[in-house]
Amino acid sequence: MDKYELQKLRDLPIEGVAERLGLQVARHKCLCPFHDDHHASMSFSAKRNTYRCWSCGAHGGPIDLVMNYLGKDFREACRWLADENNIILTEYKPKETMPPKPFDASRYEPYFARPWLNCEARHFLYDERRIDPRVVRWCRLTSWKDKQGVPWLQIPYYSREGKLIGIQNRNLVKGGLPRFRFPQGSECGIYNLPVLNRLHPGDELYITEGCSDCWAMLSAGHKAIAIPSATLLSKKDMELLSSFSSSFSSSLTFHMFPDNDQPGERLFLQLQQLLPGLVRHQLPPGCKDFSEYYLSKMRT
């Protein structure tokens, strides 16, 4: 991990990190999890991006909060933050005299030409997530196992022109390993861009957070794209979304089910500035994201 990647983690909004950890933040305060607190003595500074408990003295930034709350060391806390926010961390840093290797699409394209799902991937997609098999085929999801026998779901990212530009590997075994891995040079920004070529005047395009919500939205019969994370919307992604709005003009309406948390609310407001006509849909109580809402409808 280099200093630029480390800075990305330190720049993650401190209140968003707290909410990802399950803390209930209101008016920049919450109950301190590090002592028996009854009066919301922990406060957050958006300007300094830090937290401080005025009772027990606990303080620090996003990485410190994860380390102290989850009992992780520095490296593990960084990995947790990266996984939760879909930030790519390099696992190998080449010598400074060597230019970084570009993403080699030709190495991976054969795997997606004839996708194959192992039993763990089928259980995850069909039993746990109830994803429509047609969506799995459209997204060209495939799977593999590493040398230790750990199963991974392999998620390809394509440009609007259908060019393979990145891969997101999702660990299908909980605990002990990073949740995501990315081949060197992968560009995993906005997901499912080829769907834009199937839009027609008057269509609705849904914007979701993460691949899982996008699969659920597609399975529900809607056209959808996904952004990486509520706390990570890059300048390149914002420019791309703005170009969508301009190119489709008034012939397309954008829709969104924001996650039922503060990061989801902030993301909606951020996207609303880029897409003034963005239509908001409210998730029912008890559903944290569209995937849960989709599953609840499938069960009934």
For this session: Working only within region 264-275, note down all residues that are free of Cβ contacts under 8 Å to residues at least 24 places away in the same chain and surrounded by fewer than 17 Cβ atoms within 10 Å (Cβ to Cβ).
Result: Glu265, Leu269, Gln272, Gln273
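In region 13-24, which residues are touching a strand residue (DSSP E or B) at 6+ places or on another chain (Cβ under 8 Å), modelled with pLDDT under 90 and crowded, with 17+ Cβ neighbours inside 10 Å? First the steps, then the outcome.
So the first thing to find is which residues in region 13-24 are touching a strand residue (DSSP E or B) at 6+ places or on another chain (Cβ under 8 Å), and the list is 14-15, 18, 23-24.
Filter again for modelled with pLDDT under 90, leaving 23-24.
Within region 13-24, just Leu23 meets the criteria.
Being open to solvent by 50 Å² or more (accessible area, probe 1.4 Å) and either in contact with a His (Cβ under 8 Å, 6 or more places away or on another chain) or modelled with pLDDT of 70 or more (or both) is the filter here; which residues of region 85-104 pass it?
Filtering region 85-104 down to residues open to solvent by 50 Å² or more (accessible area, probe 1.4 Å) leaves 88, 90-93, 95-102, 104.
Of everything in region 85-104, those that are open to solvent by 50 Å² or more (accessible area, probe 1.4 Å) and either in contact with a His (Cβ under 8 Å, 6 or more places away or on another chain) or modelled with pLDDT of 70 or more (or both) turn out to be Lys101, Pro102, Asp104.
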Problem set entry | Identity of the residue in region 229-243, of a type in the set (Gly, Ala, Ser) and in a helix (DSSP H, G or I), that ends up farthest from the chain's Cα centre (by Cα) | Ser243
Exercise. Restricting attention to region 185-208, does a residue exist that is in a strand (DSSP E or B), of a type in the set (Val, Ile, Thr), in contact with a Pro (Cβ under 9 Å, 6 or more places away or on another chain) and surrounded by 20 or more Cβ atoms within 10 Å (Cβ to Cβ)?
Worked result: no
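Quick one: which residue in Ser55, Ser41, Ser45 is modelled with pLDDT under 90 and touching a Phe, Trp or Tyr at 6+ places or on another chain (Cβ under 8 Å)?
Details: Ser55 fails: touching a Phe, Trp or Tyr at 6+ places or on another chain (Cβ under 8 Å); Ser45 fails: modelled with pLDDT under 90.
Criteria check complete, one pass: Ser41.
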Problem set entry | Residues of region 158-184 that turn out to be out of contact with any Phe, Trp or Tyr (no Cβ under 7 Å at 6 or more places or on another chain), part of a strand (DSSP E or B) and modelled with pLDDT of 90 or more, as a count | 1
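Could you tell me which residue of region 152-170 is nearest to Arg140 (Cα to Cα), considering only residues that are under 14 Å from the mean Cα position of the chain (by Cα) and not charged (D, E, K, R)? Quick ask: steps written out before the conclusion?
Quick first cut of region 152-170, residues under 14 Å from the mean Cα position of the chain (by Cα) only: 155, 157, 167-170.
When the remaining residues are screened for being not charged (D, E, K, R), the result is 155, 157, 167-169.
Details: Ile155: 7, Tyr157: 10, Ile167: 11, Gln168: 12, Asn169: 13 Å.
Once the filter is applied, the top-ranked residue is Ile155.
Consider Ile131 carefully, then state whether it is surrounded by 15 or more Cβ atoms within 10 Å (Cβ to Cβ), modelled with pLDDT of 95 or more, hydrophobic (A, V, I, L, M, F, W, C) and assigned to a loop (DSSP other than H, G, I, E, B). Lay out the reasoning, then the answer.
Values: surrounded by 15 or more Cβ atoms within 10 Å (Cβ to Cβ): yes; modelled with pLDDT of 95 or more: yes; hydrophobic (A, V, I, L, M, F, W, C): yes; assigned to a loop (DSSP other than H, G, I, E, B): yes.
Yes.
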For this session: Kindly check whether there is at least one residue in region 212-228 that is touching a residue at least 12 places away in the same chain (Cβ under 8 Å), in contact with a Gly (Cβ under 7 Å, 6 or more places away or on another chain) and either assigned to a helix (DSSP H, G or I) or more than 19 Å from Ser243 (Cα to Cα) (or both).
Result: no
For this session: Could you tell me whether Ser246 is open to solvent by 30 Å² or more (accessible area, probe 1.4 Å), in a helix (DSSP H, G or I) and of a type in the set (Gly, Ala, Ser)?
Result: yes
For this session: Please list, ordered by first then second residue, the pairs with beta carbon atoms under 7 Å, 6 or more apart or interchain, first in region 140-155 and under 20 Å from Glu187 (Cβ atoms) and touching a residue at least 12 places away in the same chain (Cβ under 8 Å), second of a type in the set (Gly, Ala, Ser) and in a strand (DSSP E or B).
Result: Trp152/Ser143; Leu153/Ser143; Gln154/Ser143
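The values are calculated or read from the model by the stated rules, or taken from the named source; none is laboratory data. Everything quoted here is computed from the prediction, not taken from an experiment. Virtual Cβ from ideal backbone geometry, glycine too; neighbours counted across all protein chains shown. Quick note on the areas: whole protein, heavy atoms, side chains included, nothing else; ligands and nucleic acids left out. Shrake-Rupley method; radii C 1.70, N 1.55, O 1.52, S 1.80 Å.
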